[in-house]
Every structure is written in structure tokens, then in C-alpha cells.
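Structure, as C-alpha cells:
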Amino acid sequence: MAGTIFILNGPNLNLLGQREVDVYGATTLAEIEAACRDAAAGLGFEIDFRQTNQEGELVTWIQEAREKAVGLVINAAAYTHSSYAIPDALATFEGTKVEVHLSNIFKREEFRHHSTLSNQVDGVICGLGPQGYVLAIEAIAEIANS
Ligand code: CA2
């Protein structure tokens, strides 16, 4: 295996597929995890896929990723727009970092247009649904192999 990619998900994403299907689609988080696992395995990587409703837990996991991961995919959900602790933690992670959002945050309410994370990551993918996670893994694998 070429290494581990941490995939971290923030608050309420555990409800995917059950509510707000018009905004976030019908795919569940478990299905997104399966797609990520398949994509990563095909590229020779392992994933560590997690979800939490707590900001501090995301910070702790980003710190853990410093020791264990070659890359990190993060959908911080609503913390994207409010957190200062998460971008501070991301700044300490030296591998490739990709911020992902299922929806196009720029087509939505004004408060979603700003991300406190974006200037601490290598790339941002939004609006492509679950495929965004797979594209992020592919980018991390390509960068790790270059
Ligand atoms: O589009 C995304 O992936 C978001 O990160 C999702 C967050 C939202 O606050 C961001 O602005 C954009 C919300 C995730 C909540 O997920 C739910 C899923 C099903 C039902 C209710 C919420």
C-alpha cells in the first residue's frame, strides 16, 4: 500500500440520504465511504474514513493525520464557515489536503460563500456530489506518486 488517506466529515453528514435529498442527494455516507475505499484501493492507497458532529474531534483527527496519513480529504460541513481551530490544525498537516463539499456552496446562501479552510488546503472541490470525494483521492494519489 502506498499510504493512508484520511477522509474527515463534519456535523450532520451522517444524515446524508435521509434528509435534504434535494440539496445533498440520496447517497448515504456509508455509500460514499465504499466509493472512496474502492477508488483508493484501485490506486494502491488505504483510507481512514470518519464522521463527527464535534469540531474538536476534527482537530484531534487532523493532528492524528500528521503521523499517519499522506493525504487528507475534509468536508467540515457547517464548520467550514465558522471554524478557526480547523484551519489552524490543517496548517500543521504537511501532506496533500483537499477540501470537498457535496453542494456548490457558491450557489447557496451568502454565509456559505466563505470557507475559513480554503487558504490552508491544496485544492477545493465543490458541487460535484459524492464524486468530489473520489476526485480528491485521485488528486492526492497523483501528487503522492509524482
Ligand atoms: O455541501 C457540503 O458538502 C456542505 O459541506 C454540507 C454542509 C453545509 O453546512 C456546507 O455549507 C456545505 C451541511 C451538511 C449537512 O448534511 C445534511 C445531510 C442530510 C440532512 C441534513 C444535513
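Quick look at the values:
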{"item": "Under 11 Å, Cβ to Cβ, from ILE5 - net charge with Lys/Arg +1 and Asp/Glu -1", "result": "0"}
{"item": "Loop-resident sites, the stretch 1-103, for chymotrypsin sites (Phe, Trp or Tyr not before Pro), counting at most 13 other Cβ within 10 Å (DSSP)", "result": "TYR84"}
{"item": "Inter-label distance for ASP22 and GLU94, nm, one decimal - labels placed 7 Å from Cα along Cα-to-Cβ", "result": "4.8 nm"}
{"item": "Where trypsin sites (Lys or Arg not before Pro) fall in DSSP loop in the stretch 18-108, at most 15 other Cβ within 10 Å", "result": "ARG19, ARG108"}
{"item": "DSSP-loop GluC sites (Glu not before Pro) across the stretch 67-144, with at most 12 other Cβ within 10 angstrom", "result": "GLU94, GLU109"}
{"item": "Furthest towards positive pole of dipole, THR80, VAL70, ALA40, structure part the chain, Cβ charges", "result": "THR80"}
{"item": "Residues VAL23, VAL73, VAL124 arranged by fewest to most Cβ contacts within 10 Å", "result": "VAL23, VAL124, VAL73"}
{"item": "J(HN,Hα) series, the stretch 112-119, from Karplus relation 6.51 cos²θ - 1.76 cosθ + 1.60, nearest Hz, glycine and proline x", "result": "8, 6, 10, 10, 6, 8, 4, 7"}
{"item": "Rough spin-label spacing in nm, given labels placed 7 Å along Cα→Cβ, for ASN14 and GLU64", "result": "1.5 nm"}
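No lab work stands behind these numbers, since they all come straight from the coordinates. Note that the coordinates shown come from a computational prediction; the quantities given were computed from them, not determined experimentally. Counting neighbours? That spans all protein chains shown, and the Cβs are built from the backbone with ideal geometry, glycine included.
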